[in-house]
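Inspection log for the structure reproduced underneath, given as structure tokens.
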There are 4 protein chains.
Amino acid sequence: MISFESDYITGAHPAILEALSRTNLEPASGYGTDRWCESAAAKILAACGLSDKEGAVEFISGGTQTNAVVIASLLKDYEGVLAAETGHVSQHEAGAIEYTGHEVLTLPGHAGKVDAAEAAAYIEKFYGDESHEHMVFPGMIYISHPTEYGTLYTLAELTALHEVCAKYRIPLYLDGARLGYGLMSRSADVTLADIARLTDVFYIGGTKVGALIGEAVVFTKNNRPAHFMHSMKKRGALLAKGRVLGIQFDTLFSDGLYEEIGRHGIEKAEKLKDILAEAGFSFFIDSPTNQQFPILPDKTLNYLRASGVAVSFWEKYDETHTVVRLAACWSTTDEDLDALKKILAEAPA
Amino acid sequence: MISFESDYITGAHPAILEALSRTNLEPASGYGTDRWCESAAAKILAACGLSDKEGAVEFISGGTQTNAVVIASLLKDYEGVLAAETGHVSQHEAGAIEYTGHEVLTLPGHAGKVDAAEAAAYIEKFYGDESHEHMVFPGMIYISHPTEYGTLYTLAELTALHEVCAKYRIPLYLDGARLGYGLMSRSADVTLADIARLTDVFYIGGTKVGALIGEAVVFTKNNRPAHFMHSMKKRGALLAKGRVLGIQFDTLFSDGLYEEIGRHGIEKAEKLKDILAEAGFSFFIDSPTNQQFPILPDKTLNYLRASGVAVSFWEKYDETHTVVRLAACWSTTDEDLDALKKILAEAPA
Amino acid sequence: MISFESDYITGAHPAILEALSRTNLEPASGYGTDRWCESAAAKILAACGLSDKEGAVEFISGGTQTNAVVIASLLKDYEGVLAAETGHVSQHEAGAIEYTGHEVLTLPGHAGKVDAAEAAAYIEKFYGDESHEHMVFPGMIYISHPTEYGTLYTLAELTALHEVCAKYRIPLYLDGARLGYGLMSRSADVTLADIARLTDVFYIGGTKVGALIGEAVVFTKNNRPAHFMHSMKKRGALLAKGRVLGIQFDTLFSDGLYEEIGRHGIEKAEKLKDILAEAGFSFFIDSPTNQQFPILPDKTLNYLRASGVAVSFWEKYDETHTVVRLAACWSTTDEDLDALKKILAEAPA
Amino acid sequence: MISFESDYITGAHPAILEALSRTNLEPASGYGTDRWCESAAAKILAACGLSDKEGAVEFISGGTQTNAVVIASLLKDYEGVLAAETGHVSQHEAGAIEYTGHEVLTLPGHAGKVDAAEAAAYIEKFYGDESHEHMVFPGMIYISHPTEYGTLYTLAELTALHEVCAKYRIPLYLDGARLGYGLMSRSADVTLADIARLTDVFYIGGTKVGALIGEAVVFTKNNRPAHFMHSMKKRGALLAKGRVLGIQFDTLFSDGLYEEIGRHGIEKAEKLKDILAEAGFSFFIDSPTNQQFPILPDKTLNYLRASGVAVSFWEKYDETHTVVRLAACWSTTDEDLDALKKILAEAPA
């Protein structure tokens, strides 16, 4: 089986497994108080260009959990979070944000992105409404980078969102589940330091970028909520063996591994894109990162699946075509890509 | 440093790391739909003596998360969960159960255990109260086995609880965070099959019994809530790389590893208990499992810590003594124990 | 001051005040167990053509509270409620539904109404998505009748919604905050018995139709959730002096008072509509019920307010015009209307 | 039927009905923005000795709703509320506080009262526990005055609680569902101004002290949460016809009516107590307010009920005796009391 189904189809980068093995018998305290969490946090702050006073790092097992804990602990009772209607929190988290008692306020998605002017207009309109105490206050902007469609914010776009948030004194939160691929894209216009400067909180994805599990939340403006450890525990997000997260992020942020993984994923994604284009397919969206969204004839899709190629259903395009997602990641190999090319070449027209 | 601080101080049993490495590059679908989760579930059902029709197994990252998801998805809107006042859900989960909108109804703890007659009396009194619609209905009994104090239910006690629950048609839920040690204790009167037969749902702890992370929830009476995957996702408890849990539990339930780990922990705990008793300390509670609770003079406690021995504070006993917890686990060695013995021998009187 | 600001600007219909006075010293049990609640429920069931076995009636203080309690107690853990994007639960309840842990899934609003075919398409698409366990299940359809725009469902439209709900086995819930005016509209195509037959649960508004406070929830299919009294209490919706609700609804459903109030409101609304049309204003929407939505030049709006006429801001229409809402109700008089006409005539062009 | 079942058995004080009638046709804005709410708030602040800057008043329909909204909007994410185990929020609110996601942390009840030293000890122990981030922080003290047992705090006791709260910087919240009777008790040691000075927030009960419905929340330290109107709406606690609450409290706080009602209830309760004592019954608790708790032989209880006297079951005392509650209130008459006396005299021994 050759799988392009997602960027979490395999285990972990070998360096991570090696680090887990090497440290395995070394005792440590639980709940994120171990030396690896401390070391990983320091390395991440350094990579972000943040001082100890400005920044704080916390580790959580998965993305939905991270979004729920961060959003719930930053929003006030009367606030909801603005997000693109295609955002992960809007659609694919099983109502996890609503479960915290807060509404997701949707904005149009432009290839997955929130437009700063539209966000500002929403907020202006909200405060212009005479009965706005009956409505949910826009209390945060959530964006994903790369987005669920693989697209990236430019520095100008991110700056504009930052300015909207600053004007209305609400935090800008960036979901970086696939940040590694976003930073290494040829189209990347934004660095980790830019993100640390322009957002109030963001997370650096591990699960989809070479870790077994784990995401690193970075508070950038001396704004970690009081007793955030409790807020994690209350939502089941505090791992007893916090070391498992610390060791992995310590490894990812040593010797440029996080960048190396991102670069590898991007290289393979570009090759994947070429193969699909050469096979004559058009794309639902032009993605510069590790996820590609070709429009396949259903016949081709069935042939691929019958040939042992795993891809993700995205949505029906028309009666006879389907948008699918193929993802490259740290573990994608040229052999995988060559095999795909061969199968596509053999597919009946 | 020698640590007896908890049973989650080290990484994972080497067989687990080996399995993670061996399978690392094999692609698989996400969210618990992989072949290892399937295989692990089958092995666990077999070990429990449950058929496919009766039993269902789900994997979740940690214990608090497991308790919150299981309890919230089984309780009805008007119900709360009965638990010992010393139960994990009552005290040390940061209000995670209340966060799901349900009250923890406390019963007296008898060395950490719920008494079936007291539970029955509580329920009887509840229904006898003329205004009970204004009160929270007792809708489940939660027990931990071993308890937070290391103690174990006898088969008679577990049967009595089963009968109370059957009489009032509410589920009995057993938190088996340390179940491996409970099953292998010399005092063990209850088997895995007994638990599967007498409870409605329970979980088999991985985090504290040799896994990196993970707990296996077992529904025993064809009673897994509809769309439980969604209920997990909604609470941030659905791991994208479900394989990480599947591979670990598949390993734990192959070749008797789970039992071997339990047996090892118990052997070392017995030796630990002997060392503490020989050093002249009395015990806060007589624990037959892997956690031991000696009452130490504060001076001794300070000396231990200064000597690099990590133990857990439990509670103050009196002005000059403290109850501490020392735990043995799969990774505890004779060297650790001998070193502790030596340090205790050298401690000033 | 002349107020058309809403349909809750005055106290209660005199017959209600009279009934409250008449019964004032008669002792009764609390929490809705009094004889008036019983009598009112029986009269409402009769008016709905429901038998005791099919129907059950509960009384709650206000509309948002009613929506939250009904929706939360009928939805399953994995479900949300479908509603028009302009629906009250979507926009103007301060996130009260999300606060119960459930998402409001929005459908397009057609003059405030949900289209049955669009609802069916949403549900079909949902189940067609391969990863729908990560999404919120459509578990109910919420409609308001009259809608927030004053419009009404036809019998054909309501039947179509009923059929969609029946097909997917989810309840249809009708918010009748202004039901009295909807039933008495000249355009009314739907009777109370139709509503009782075609919905699974609905509420008959009191607050906006002549009561001091109060709404009557009608479960129509022997489907009142178990221990609904507890579910109300848990959400602060169980009034100690339930008699206050019982006496009012007993009065409203005696001697045709509810219909009389509806008819009065409609007559005055028609006259209001004529006055506005004759003054040359166009309407944002063509409403056949007690709320009217003219588009006023801002200059006119300011003049009205300066002249002591209270109306509700609805939304900005363009740079120089505003949509406002004027409502008639049981207490609207011809004097109010004549005065409005006079002020409009005097308004500078 | 003669009812001593509760203090909410009848409608409203005639002066309130009169005020509702008098103002009935006067139009007003909704949601508590009317002139009566404004006037009532000003009178309440004056009665409390609070300036506009210090104090803020909000009106809510009922007690459980008030407790839930106030507690949820004042607690931080990591906090719970300390209360006596017999407190209304602990036992008889159907888990309404837990439903807001916060735990009720119970302290022993001393005739219904919280002991300041025990509260301080709880807090001290909490912060002394090394793993307190896993526990719920004590973030507020809730007391009721009179308590659920009719008892009252002395000025010294209230001052001590105030000092504990000030020391740990958490609010003291007083539930005054029956405050009118507490202020007028012969044992009253505490004035309204004392309460305003020593608590951070409290509510003045209307429902049980002569109003149809309604409670007045008083924030005393310039500490009303931002956008509290939204927090009420989100929890279904914002009445559209806020005037109904405003008119009632404006009446209660005019011409000493609230005091007059309290005094009447106390006078009748004292007479009630004498009748019960003279009939030879002992009391479960010595209550100086409007609720009395005699221990009745079950035979007598049955005789009373058969004779048309309504009382509330409180709890079983022993095999043959029951504790019942009899309440006096604004509407209790000498005729009621004389009839009770006569029935008791005729009861078989």
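The values are calculated or read from the model by the stated rules, or taken from the named source; none is laboratory data. Since we're looking at a predicted model, the values are computed, not measured. Backbone-built Cβ (ideal geometry, glycine too); neighbour counts: all protein chains shown.
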Legend entry - Test: residue in the stretch D:226-247 that is away from chain C (no Cβ under 14 Å), touching a helix residue (DSSP H, G or I) at 6+ places or on another chain (Cβ under 7 Å), on the phi < 0 side of the Ramachandran plot and touching a residue at least 24 places away in the same chain (Cβ under 8 Å): no
Inset, instruction - Could you grab the pairs with beta carbons closer than 8 Å, sequence gap of 6+ or different chains, first residue in the stretch C:130-142 and at the interface with chain A (Cβ under 7 Å from one of its Cβ atoms) and farther than 15 Å from C:Gly101 by Cα, second one buried (at least 22 other Cβ atoms within 10 Å of the Cβ) and acidic (Asp, Glu)? - result: C:His134/A:Glu93
Legend entry - Of all residues in the stretch C:61-110 being more than 12 Å from chain D (Cβ to nearest Cβ) and charged (D, E, K, R), the one that is surrounded by the most Cβ atoms within 10 Å (Cβ to Cβ): C:Glu103
Inset, instruction - Would you check if B:Leu25 is at the interface with chain A (Cβ under 8 Å from one of its Cβ atoms), outside any loop (DSSP other than H, G, I, E, B) and either at pLDDT 95 or above or closer than 23 Å to A:Ala237 by Cβ (or both)? - result: no
Legend entry - Count of residues meeting criterion [outside any loop (DSSP other than H, G, I, E, B) and touching a residue at least 60 places away in the same chain (Cβ under 8 Å)] in the stretch D:154-178: 2
Inset, instruction - Taking A:Asp250 as meeting all but one of (1) more than 14 Å from chain B (Cβ to nearest Cβ); (2) crowded, with 23+ Cβ neighbours inside 10 Å, write down the number of the exception. - result: (1)
Inset, instruction - Taking B:Thr151 as the residue in question, decide whether it is assigned to a helix (DSSP H, G or I) and more than 14 Å from chain D (Cβ to nearest Cβ). - result: no
Inset, instruction - Return yes or no: is C:Arg305 within 14 Å of chain D (Cβ to nearest Cβ), within 30 Å of A:Glu124 (Cβ to Cβ) and modelled with pLDDT of 95 or more? - result: yes
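To keep it simple, each residue is scored yes or no on (1) touching a Ser or Thr at 6+ places or on another chain (Cβ under 8 Å); (2) closer than 25 Å to C:Ala196 by Cα; (3) not charged (D, E, K, R).
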position	(1), (2), (3)
C:Val57	no, yes, yes
C:Ile71	yes, yes, yes
C:Gln91	no, no, yes
C:Tyr99	no, no, yes
C:Glu103	no, no, no
C:Gly112	yes, yes, yes
C:Glu124	no, no, no
Legend entry - Matching entry among A:Asp194, A:Asp189 (being out of contact with any strand residue (DSSP E or B) (no Cβ under 9 Å at 6 or more places or on another chain), in the same structural domain as A:Ala160 (by TED's automatic domain parsing), surrounded by fewer than 21 Cβ atoms within 10 Å (Cβ to Cβ) and not in a helix (DSSP H, G or I)): A:Asp189
Inset, instruction - Please state which of the following conditions D:Ala12 fails to meet, knowing it meets all the rest: (1) assigned by TED's automatic domain parsing to the domain that holds D:Ser231; (2) part of a loop (DSSP other than H, G, I, E, B). - result: (1)
Inset, instruction - Return the residue satisfying two criteria in turn: it lies in the stretch A:37-60 and is of a type in the set (Asp, Glu) and buried (at least 16 other Cβ atoms within 10 Å of the Cβ), and of such residues it is nearest to the other protein chains (Cβ to nearest Cβ). - result: A:Glu58
Legend entry - Test for D:His92: is it touching a His at 6+ places or on another chain (Cβ under 6 Å) and assigned by TED's automatic domain parsing to the domain that holds D:Tyr149: yes
Inset, instruction - Identify, from the list D:Ser90, D:Ser39, D:Ser61, the residue that is out of contact with any strand residue (DSSP E or B) (no Cβ under 8 Å at 6 or more places or on another chain) and of a type in the set (Ser, Thr, Tyr). - result: D:Ser39
Inset, instruction - Filter the stretch A:43-66 for residues that are under 12 Å from A:Ile213 (Cβ atoms) and part of a loop (DSSP other than H, G, I, E, B) and give the result. - result: A:Ser61, A:Gly62
Inset, instruction - Mind counting the residues in the stretch B:201-222 that are closer than 30 Å to A:Val69 by Cβ, touching a strand residue (DSSP E or B) at 6+ places or on another chain (Cβ under 7 Å) and more than 8 Å from every other protein chain (Cβ to nearest Cβ)? - result: 12
Legend entry - Criterion violated by B:Leu296 - all others in (1) under 25 Å from the mean Cα position of the chain (by Cα); (2) away from chain D (no Cβ under 13 Å); (3) closer than 25 Å to A:Asp34 by Cβ satisfied: (1)
Inset, instruction - Would you point out which residue out of B:Asp7, B:Asp34 is crowded, with 19+ Cβ neighbours inside 10 Å, touching a helix residue (DSSP H, G or I) at 6+ places or on another chain (Cβ under 8 Å), more than 7 Å from chain A (Cβ to nearest Cβ) and closer than 30 Å to B:Leu301 by Cβ? - result: B:Asp7
Legend entry - Some residue of the stretch A:297-313 being free of Cβ contacts under 8 Å to residues at least 40 places away in the same chain, of a type in the set (A, V, I, L, M) and in contact with a strand residue (DSSP E or B) (Cβ under 7 Å, 6 or more places away or on another chain): yes
Legend entry - Yes/no for C:Gly101 being without any contact (Cβ under 8 Å) to a residue 40 or more places away in the chain and at positive phi: yes
Inset, instruction - Inspect all residues belonging to the stretch C:111-124 and state whether any of them is surrounded by fewer than 24 Cβ atoms within 10 Å (Cβ to Cβ), free of Cβ contacts under 8 Å to residues at least 40 places away in the same chain and among the hydrophobic types (A, V, I, L, M, F, W, C). - result: yes
Inset, instruction - Test each condition in (1) more than 21 Å from the chain's Cα centre (by Cα); (2) buried (at least 19 other Cβ atoms within 10 Å of the Cβ) for C:Lys316 and report the one that comes out false. - result: (2)
Legend entry - Spans of strands (runs of 3 or more DSSP E) in the stretch B:207-318 with at least 1 residues over 30 Å from B:Ser73 (Cβ atoms): B:295-297, B:312-318
